[in-house]
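> Before I ask anything, let me first share the structure, which is written out below as structure tokens.
Derivation of every value follows stated rules applied to the coordinates shown; laboratory data play no part. If you're wondering where the values come from, they're calculated on a predicted model, not measured in any experiment. Heads up, the Cβs are rebuilt from the backbone with ideal geometry, glycines too, and the neighbour counts pull from every protein chain shown.
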Amino acid sequence: MSNKDSQSCHSDPERSEGEESQICHSERSEESHHNYNKNKALYYWTSFPAIDHPKKTVMVGIIILITAYILWQLAIVEWDQPLYYVLGIIILFISLAPYFVPTSYYFFEDGFLVQYPFVKIEKKYTEYGCFYSDKMGFMLSTYKKPRRMDAFRGQSFRYSKTKIEKEEIMSFLEEKITRK
């Protein structure tokens, strides 16, 4: 970090050692960047629902086991088609993967980076027309008003367990995306 940059962090007391336990806000210099450098993020946090919500994780595990059993009975026992069972299990796990992996969110002056273990999404704020909160986080929408298509075209963000980043990031987005 250059001497023009400063950083302040708030600790998250509900997380244990070794986990992402801070939300940080950096004042960065006016240097431009093409590829987002995580060290230059104005705001960042990590969300890990499987760890943050253990009761929900147990329920999701039970649902997975029940679904796997039903799929086994249908695909293997009744149809004698193991390929359908394997495909069904793969689809099930891919659809639930965001719940079981940590997701890091980095916000920069002109865009953001969403980092999953194997996928990285980089976007500019200019691609979005509005944003709105929900109970688990917020959604950036490509439309000027919230629409049902936002789940397919927009970008969803989950807050950390304590939601300490909520107020700061909402204020920041009000500056970057004028239509709320």
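> Per the Kirkwood definition applied to all pairs of different Cα atoms, how many angstroms is the hydrodynamic radius of segment 54-98?
Roughly 11.0 Å, rounded to one decimal.
> Where does each of E109, E175 land when they are ranked from fewest to most other beta-carbon atoms within 10 angstrom?
Fewest-to-most Cβ neighbours within 10 Å comes out as E175, E109.
> Would you mind checking which residues have amide H under 5 Å from G111's amide H? H placed 1.01 Å from N; only 5 or more apart, or other chain.
Hits under the 5 Å cutoff: Y125.
> Then there is this: Skipping prolines and chain starts, which residues have an amide H placed within reach, meaning under 5 Å, of the one on W45, given they are 5 or more residues away or on another chain?
Y105
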